[in-house]
Amino acid sequence: MRKAETFTALNGLRFLAALAVVIFHYAPRVGAYSQVPDILRNLINEGPSAVGFFFILSGFVLAHRHLYGDARGQTPAAFYWARFVRLYPAYLLAFALFLPIAAQRYLLNPPDSAIGRHTFALSAILSCLMLQSWTPLAQAWNGPSWSLSVEAFMYLMFPLIGFRLSKLTLRNATFVLLLSWLIPASLAVAYVARWIPDAIWRLYVTNNPLLWMPLFVMGVCASRFVSDWKKVSTSTAHRLSTLAFAALILAALAWPHKWADVFVTGGIAPLLVAVIIFFTRRQGWIAKTIGGPLLSKLGEASYVLYILQAPLWHYWQEITNSLRGVRVQANPVALWQFAAFVPLLVLTSLAVQRHIETPVRSWLGDWKKRRRAIEPRVPQSNAIEMAES
């Protein structure tokens, strides 16, 4: 068993990915957005692909730590508790912040009062249980939280599939990785080709955990390549990491708009896998910059930034629109509203991560340790690898 490394460049990438989602959601609301050059709008429009990156990265990091690193002997119960503590405090805070917005949307000003009450109650229950991504109400309550519902399913499955994947030969792991890429990408191609009706895709497919689970599997399989990547010479690692990152940006800039759903739904997943593997080493000026102290620190708060973006934008837009003397939910917004919101969101995320999320996670961890100390000791026979037998 080895101690799992801390990949600071991956932390930096995590922050940039979360920022890409924020820009995708709110930059188009600026009145002058139509004046942005088409090539930059192409880049912004591919922002949702960052969610697929999160899923791949999640599988990669979990596998590196729990299948090969310092947490290998952790029991499934301990793993689930650790994931709950990691996700739920900030998730619950975002849920509570969105509560007044949901009440206004579904109870006070609904298009249909009966449907509004039903949507409010059902989406609240589903979101609390992190089950919303299985239903057409995936984005009814704090839209970005649908991906955390998907993530919860991935965490549920990890003790059941992780050890089996870790025992594959390198050749078989590569085969599973490529097959996992083809599943969501092929479905996206079928949608763009109009073989899947738009309503079916939007309501039942695009947010469904089963669509995204193969990307998580790709990440788990990709962790197998880290040891081989460490053997690559420094100069080669430098060139490959720089080329892979540049290729990712160029692909986003040049990808045809018609095929955007393919890009977002895993179309470039092999390139994302390559970037993740290559950035486990800080070789090259891009990897060193992204893995520097600033972006690495921001990466630690990227989850909070991601989950709080929707409620904070709602309140920010109402306050700043009031200052402008326009209707509180009026669109488009002024450039300064968006430009000021991004640093405000970043700073708020850092504050929440430091003063709320981290203390709550520590308290929950200590509470669990106190409970374990007074409970009868159980033999550690059900470690994660044993869940596979």
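The values are calculated or read from the model by the stated rules, or taken from the named source; none is laboratory data. Source: prediction; values computed, not measured. Heads up, the Cβs are rebuilt from the backbone with ideal geometry, glycines too, and the neighbour counts pull from every protein chain shown.
Where the second residue is at pLDDT 95 or above and of a type in the set (S, T, N, Q) and the first is surrounded by fewer than 18 Cβ atoms within 10 Å (Cβ to Cβ) and part of a helix (DSSP H, G or I) and lies in the stretch 235-249, which pairs have Cβ atoms under 9 Å and are six or more apart or on separate chains?
Taking only residues 6 or more apart or on different chains, not a single pair turns up.
Please indicate, with yes or no, whether at least one residue in the stretch 310-318 is under 21 Å from residue 8 (Cα atoms), crowded, with 21+ Cβ neighbours inside 10 Å and at pLDDT 95 or above.
The answer is no, given that none of the residues of the stretch 310-318 is under 21 Å from residue 8 (Cα atoms), crowded, with 21+ Cβ neighbours inside 10 Å and at pLDDT 95 or above.
Just a yes or no: is a residue in the stretch 253-260 more than 26 Å from residue 202 (Cα to Cα) and in a helix (DSSP H, G or I)?
Among the residues of the stretch 253-260, not one is more than 26 Å from residue 202 (Cα to Cα) and in a helix (DSSP H, G or I), which makes the answer no.
Under the condition of being polar (S, T, N, Q) and surrounded by fewer than 11 Cβ atoms within 10 Å (Cβ to Cβ), which residue from the stretch 330-389 is modelled with the highest pLDDT?
Result: 381.
How many residues does the stretch 110-134 hold that are over 16 Å from residue 97 (Cα atoms), of a type outside the set (A, V, I, L, M) and over 19 Å from the mean Cα position of the chain (by Cα)?
Qualifying residue count for the region: 8.
For the stretch 1-69, please list each of the helices (runs of 4 or more DSSP H) lying entirely inside it that holds at least 3 residues being in contact with a Ser or Thr (Cβ under 9 Å, 6 or more places away or on another chain) and buried (at least 19 other Cβ atoms within 10 Å of the Cβ).
8-26, 49-66
For residue 131, indicate whether it is of a type outside the set (Val, Ile, Thr), free of Cβ contacts under 8 Å to residues at least 40 places away in the same chain, crowded, with 20+ Cβ neighbours inside 10 Å and touching a helix residue (DSSP H, G or I) at 6+ places or on another chain (Cβ under 8 Å).
no
Only one of (1) closer than 22 Å to residue 266 by Cβ; (2) in contact with a Pro (Cβ under 7 Å, 6 or more places away or on another chain); (3) not β-branched (Val, Ile, Thr) is not met by residue 79, so which one is it?
(1)
Go through the stretch 305-331 and give me each residue that's farther than 15 Å from residue 30 by Cα and among the small types (Gly, Ala, Ser).
Hits for the stretch 305-331 are 310, 322, 325.
So, in the stretch 194-234, of the ones that are among the aromatic types (Phe, Trp, Tyr) and closer than 15 Å to residue 271 by Cα, which residue ends up surrounded by the fewest Cβ atoms within 10 Å (Cβ to Cβ)?
225
Looking at (1) under 17 Å from the mean Cα position of the chain (by Cα); (2) within 30 Å of residue 6 (Cβ to Cβ); (3) free of Cβ contacts under 8 Å to residues at least 12 places away in the same chain, which is the one condition that is false for residue 218?
(3)
Kindly indicate the residue of the stretch 136-192 that is part of a helix (DSSP H, G or I) and basic (Lys, Arg) and also surrounded by the most Cβ atoms within 10 Å (Cβ to Cβ) among those meeting that condition.
Among them, the one singled out is 164.
Under 6 Å by Cβ, and 6 or more places apart or on different chains, what pairs join a residue from the stretch 73-95 that is farther than 23 Å from residue 132 by Cβ with one that is outside any helix (DSSP H, G or I)?
From residues that are farther than 23 Å from residue 132 by Cβ, the pairs are 73/383; 75/382; 75/383.
Any chance you could count how many residues in the stretch 348-374 are small (Gly, Ala, Ser), touching a residue at least 40 places away in the same chain (Cβ under 8 Å) and over 18 Å from residue 311 (Cβ atoms)?
Looking only at that region, the number is 1.
Return the only residue of 260, 252, 274 being under 19 Å from residue 55 (Cα atoms), in contact with a Leu (Cβ under 6 Å, 6 or more places away or on another chain) and surrounded by 15 or more Cβ atoms within 10 Å (Cβ to Cβ).
Selected residue: 252, the only one of 260, 252, 274 that is under 19 Å from residue 55 (Cα atoms), in contact with a Leu (Cβ under 6 Å, 6 or more places away or on another chain) and surrounded by 15 or more Cβ atoms within 10 Å (Cβ to Cβ).
Out of 330, 340, which single residue is free of Cβ contacts under 8 Å to residues at least 40 places away in the same chain and either touching a Leu at 6+ places or on another chain (Cβ under 8 Å) or not in a helix (DSSP H, G or I) (or both)?
When all the criteria are applied, what remains is 330.
Got a sec? Which of 91, 80 is crowded, with 18+ Cβ neighbours inside 10 Å and hydroxyl-bearing (Ser, Thr, Tyr)?
Result: 91 is the single residue among 91, 80 that is crowded, with 18+ Cβ neighbours inside 10 Å and hydroxyl-bearing (Ser, Thr, Tyr).
Report yes if residue 72 is crowded, with 16+ Cβ neighbours inside 10 Å and in contact with a His (Cβ under 7 Å, 6 or more places away or on another chain), otherwise no.
Spelling it out, residue 72 is indeed crowded, with 16+ Cβ neighbours inside 10 Å and in contact with a His (Cβ under 7 Å, 6 or more places away or on another chain).
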